[in-house]
Each structure stands twice: as structure tokens, then as C-alpha cells.
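Engineer: Structure provided below as C-alpha cells; questions to follow.
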Amino acid sequence: MLRSTIAAIRRTSIRSYTTSLEQTTKQAGIQIQQAPNFVGTWSKSQRPKEEAMSGPRFEQIDLATQPNAMAAIELIAEEPIQFVSERVTSCNGGGGPLGHPKVYINLDKPGAHACGYCGIRFEMNHHHH
């Protein structure tokens, strides 16, 4: 008797269940800048921030509460070029836990050459003999 009563309650509850939730759309309002120090994207494969910050991962669209790091491409451009006297130099990003694997950079061609990991630029100092 008890089992049949519970089963009847379950069937009734399931049939009478409805929802009043409606799909909402998020409005960002103003155009979102890619970074505080950079307006647009800096890579072909990078999506604009307003596209990237959509979907279930970004329910909170108040950008004041979201991380908003500076664009590294602009920050590294502010670093001065490091002039070296050798044809080949190495970069480890500062070493230790904050660095990156050591790489060797060939400076035979004229101009500045950037590290593939951190972007620090190196150039051979052409001294006259």
C-alpha cells in the first residue's frame, strides 16, 4: 500500500512540474577593450574579448570583478633591447621558477631578435675594430 502511494505521488509530481524560467541574454553595453593598454587583438588566432567572454564560463560579466591583465605585447615593447657582443646569446627569462627553459638565439642577421618564450629582444652590438 505504501509503495503504491509513493509511486502515485511521484507520477503526480512529475506530471505537474513546470518551469517559468526564460532564456536571458547578456548585454555588455559598451565595447570591451582587449586590454587596458591595447585596443584590438594582436594575433590571428585570438578572439576579441567580447566574443571570448561569452558562454557558461563567464556568467559574471561585470568586468570590474574579472581579471584584466595588461597586454604583454605592449609591456615587452617597453623593455629596452639588450645589446650583446657575441653572435649567439641565451635567454632563460630570468631563471628560477619565474623563468623559462634556456634557449639560444642566433644574432647573425641584423636587427633585434626576440626570445620565443618571453619576447625579450637581443641585438648584436657591432663594435668597430
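Engineer: Checking the structure you have, find out if any residue of the stretch 107-121 is farther than 30 Å from Gln33 by Cα, in contact (Cβ under 8 Å) with a residue 12 or more places away in the chain and among the β-branched types (Val, Ile, Thr).
Structural biologist: no
Engineer: Just one of Thr5, Thr19, Thr12, Thr89 is modelled with pLDDT of 80 or more and β-branched (Val, Ile, Thr); which is it?
Structural biologist: Being modelled with pLDDT of 80 or more and β-branched (Val, Ile, Thr) holds for just one of Thr5, Thr19, Thr12, Thr89, which is Thr89.
The values are calculated or read from the model by the stated rules, or taken from the named source; none is laboratory data. Just so you know, these numbers come straight off a predicted model, no measurement behind them. Cβ: placed from backbone, ideal geometry, glycine included. Neighbour counts: every protein chain shown.
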